[in-house]
Amino acid sequence: MSPLLDVRDLRVEFATRHGTVTALDGVSLRLEPGETLGVVGESGCGKSITALAIMGLIPMPPGRIAGGSIRLDGEELIGAPERRLRQLRGRDIGMIFQEPMTSLNPVFRVGDQIAEAILLHQDVSRDEARRRALDLLRTVGVPDPGQRIDAYPHELSGGLRQRVMIAIAISCQPRLLIADEPTTALDVTVQAQIFDLIRDIQDRLGVAVILITHDMGAIAEMADRVAVMYAGRVVEEGPADAILDSPAHPYTRGLIGCIPAIDPALAALDRLPPLAEIPGVVPPLHLLGQGCAFADRCIEAVDICRKVAPPLTGRGHAVACHLHAAAAASEES
Amino acid sequence: MPAPAGDSASAPPLLEVRNLSVSFPMSRGLFGPKRVLQAVRGISFTVGRGRTLGLVGESGSGKTTAAMAAIRLVTPSDGQVLLEGRDLMALDERAMRAERRHLAVIFQDPYSSLNPRNRVGAIVREPLDLMGIGSPGERESRVRELFRLVGLRPDQMALFPHQFSGGQRQRIAIARALATNPALIVCDEPVSALDVAIQAQILNLLRRLQDDLGLSYLFISHDLGVVQHVCHEVAVMYLGQVVEMAERRRLFSAPAHPYTRALLESAPSLDRRKSAGYRRKAAVKGDPPSPLAIPSGCAFAGRCPQAQPRCRTEEPEPTARDGHLVRCHFPVG
Ligand SMILES: Nc1ncnc2c1ncn2[C@@H]1O[C@H](COP(=O)(O)OP(=O)(O)OP(=O)(O)O)[C@@H](O)[C@H]1O
Ligand SMILES: Nc1ncnc2c1ncn2[C@@H]1O[C@H](COP(=O)(O)OP(=O)(O)OP(=O)(O)O)[C@@H](O)[C@H]1O
Ligand code: SF4
Ligand SMILES: [Mg+2]
Ligand SMILES: [Mg+2]
């Protein structure tokens, strides 16, 4: 099966006052139809830039795609004319962002905004578009859709606004849905509702999802595969279970270890042990050196880590770590 | 509440809040009817010496307002607050200022809570300046000591807030909160804006400071995992009321209120796997009601999976058994 999305060696640079920085350094991702890829990592590691690059929305300048390829169903998107990209966005690729208030237009009624998205990509009448907008509001579980269709965004709660965003995103039955922190601004009970809705839509439309999140719990329940990013690189990639149960990269291990999990075993303890820590902070892009970007914070780092950036190696479950590569090599021999 | 460890039987608890209510008058245009927003509705709790009471609940449930009213930064419309037995509401401005040195606050947003134009050394020193504590030389050495205490270097005192990362800024905010050697620190979502790796560092720091200095925390969070890791007692708020309150182990192992149970079910967890067929069912539907139009009966009835007709008409009274308080007609267990 050829992948729905095939990102290879993607490199994105930004011109900054510190000179040119590399925000994405050789990012590769694959996504099969209907599959969910979770993308995790600390703030600034390049999750959103990856999403923007796929949608052809990197601001240029200051940004620049300095290399690599992005194929959707075999079609190369890098260098594709803006007209073609606009056609793909909203029709083949739907998007949901963290704060729906900034992506919805505050001065238009939500029904009109959904209808507009439909009219942009489909040859239907205004009445038909409105009828479909109503259906979509019902599909995404907005109560009283007949009334809510004429509401302005600020008249809706955060959860309802996110449902409207999802209605727009799926209005043209996309093959790929990119959700960038879709529930970060929402309360957990509403978060659960939105995840439930995304799974539901996936079952019905067979859409593939890229779920960007910093929440490993969301990864566990939503993702088939996971890409862990650090400082503009994918440092580990593989099936969700493999990543969660046997993380190989010291960064992934650290990330999972420092989560204050709600664990029934802990509920019985008189005093909880301190959380595991990853020392230090993510280095700013302009201070990235030659070696592994994580070396400064890595308790396992050896000499070579500070000199050479480790490549992402391994099939199925891939890891970018010298120690892991050495261990895998000795296992093979 | 069981008498918290460390308090002798006769000594009053560090902080005792009785029947606290806060409402905000809302203007509804020139001629509209006068409305009142009931943010906090008759809540009671105690914080023992060296203990942490967690306040959890969804956005708008009144956590911040309750905590701010408890230290008289917001004026309550009703109720009593006793700090070591002293009635804070009865104090005049001058006497209240003298009590301020025992109280401190750490806010969520380490970006906006520090004045960007001041050097961080001066920011940490400011409470000492304002309250005229110590000579200039003593203040300076106290600030140095505080920087070390929170894991910063004294040579960083001359820098400005923007030269620090989010986690470091939160350390600065903690150092500032500690300056006057307070007994109680209100921590309002102190790690919500931080990446999980940095969050773990700050949570461990707060716990270590508590052990070393005997601090008490009133700890606000919407993240139950975080709450489980730092709190001794937990109060769950819904629409301005405490609907359940218990010792941490009790609350997490035997939650009795349907809302607490929904929160726990909705919380993400690494063990709930998509690969194992897990599907997070939205435990409750819809959004919380508006505090401008408090429903009659139980405030949670509209969303409660267990609601009976009685719940919609009759407001449940809080009942306590073995220090476990629940406000529900049909508690579980
Ligand atoms: N317009 C820009 N100019 C310069 N650098 C940029 C620009 N946009 C993004 N970057 C840099 O690219 C890097 C990746 O940013 P990105 O927004 O993808 O992070 P992220 O992983 O989505 O983080 P978050 O979790 O905070 O959303 C960051 O270091 C950021 O500073
Ligand atoms: N100064 C104010 N004037 C009017 N209404 C207010 C004021 N402060 C808070 N409120 C309202 O009181 C209610 C409780 O707010 P509060 O900020 O205490 O909730 P919270 O539980 O801290 O929520 P969050 O998790 O979003 O911080 C909300 O409906 C809020 O809009
Ligand atoms: S009183 Fe009724 S509606 Fe309220 S929480 Fe209990 S069961 Fe649910
Ligand atoms: Mg982002
Ligand atoms: Mg608050």
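Checking each residue in the range A:165-216 for being away from ligand 1 (no atom under 16 Å from the Cβ) and within 8 Å of chain B (Cβ to nearest Cβ) picks out A:ASP187, A:VAL188, A:THR189, A:VAL190, A:GLN191, A:ALA192, A:GLN193, A:PHE195, A:ASP196, A:ARG199.
Among the residues of the range B:155-162, is there at least one that is open to solvent by less than 10 Å² (accessible area, probe 1.4 Å), of a type outside the set (S, T, N, Q) and either without any contact (Cβ under 8 Å) to a residue 40 or more places away in the chain or more than 18 Å from A:VAL281 (Cα to Cα) (or both)? So far as the range B:155-162 goes, no, none of its residues is open to solvent by less than 10 Å² (accessible area, probe 1.4 Å), of a type outside the set (S, T, N, Q) and either without any contact (Cβ under 8 Å) to a residue 40 or more places away in the chain or more than 18 Å from A:VAL281 (Cα to Cα) (or both). Each residue in the range B:180-193 was checked for being within 16 Å of ligand 1 (Cβ to nearest atom) and surrounded by fewer than 23 Cβ atoms within 10 Å (Cβ to Cβ), and 2 pass.
Applying the criterion of at least 1 residues that are basic (Lys, Arg) to the strands (runs of 3 or more DSSP E) found wholly in the range A:1-104 leaves A:5-16, A:19-31, A:63-72. Restricting attention to the range B:297-306 and to residues that are touching a helix residue (DSSP H, G or I) at 6+ places or on another chain (Cβ under 8 Å) and more than 12 Å from every other protein chain (Cβ to nearest Cβ), the residue that is farthest from A:GLY257 (Cα to Cα) turns out to be B:GLY297.
The set of residues in the range A:106-132 being more than 17 Å from A:GLY146 (Cα to Cα) and surrounded by 14 or more Cβ atoms within 10 Å (Cβ to Cβ) consists of A:GLU116, A:ALA117, A:ILE118, A:LEU119, A:LEU120, A:HIS121, A:GLN122, A:VAL124.
Only residues that are within 7 Å of chain B (Cβ to nearest Cβ), open to solvent by 40 Å² or more (accessible area, probe 1.4 Å) and more than 26 Å from the chain's Cα centre (by Cα) were counted across the range A:265-279, and they come to 2.
Restricting attention to the range A:218-228, the residues that are in a helix (DSSP H, G or I) and either in contact (Cβ under 8 Å) with a residue 40 or more places away in the chain or more than 7 Å from chain B (Cβ to nearest Cβ) (or both) total 3. Those helices (runs of 4 or more DSSP H) of the range B:213-296 in which 3 or more residues are closer than 12 Å to B:GLU58 by Cβ and at the interface with another protein chain (Cβ under 10 Å from one of its Cβ atoms) occupy B:258-266.
Sort out which residues of the range A:229-279 are part of a loop (DSSP other than H, G, I, E, B) and acidic (Asp, Glu), and write them in order of number. Within the range A:229-279, A:ASP263, A:ASP270, A:GLU277 meet the criteria. Taken across the range A:29-37, residues that are in contact with a strand residue (DSSP E or B) (Cβ under 6 Å, 6 or more places away or on another chain), open to solvent by 20 Å² or more (accessible area, probe 1.4 Å) and more than 19 Å from A:VAL226 (Cβ to Cβ) do not occur at all. Comparison of A:LEU120, A:LEU134 shows that the only residue that is touching a helix residue (DSSP H, G or I) at 6+ places or on another chain (Cβ under 6 Å) and more than 14 Å from every other protein chain (Cβ to nearest Cβ) is A:LEU134. Of all the listed residues (A:GLU75, A:GLU99), the sole one being within 16 Å of ligand 2 (Cβ to nearest atom) and under 30 Å from A:ALA129 (Cα atoms) is A:GLU99.
The values are calculated or read from the model by the stated rules, or taken from the named source; none is laboratory data. Because the structure is a prediction, the values reported are computed rather than measured. Please note: Cβ atoms are built from the backbone with ideal geometry, for glycine as well, and neighbour counts cover all protein chains shown. What goes into the accessible areas is simple: the full protein's heavy atoms, side chains included, and nothing from ligands, DNA or RNA. Shrake-Rupley method; radii C 1.70, N 1.55, O 1.52, S 1.80 Å.
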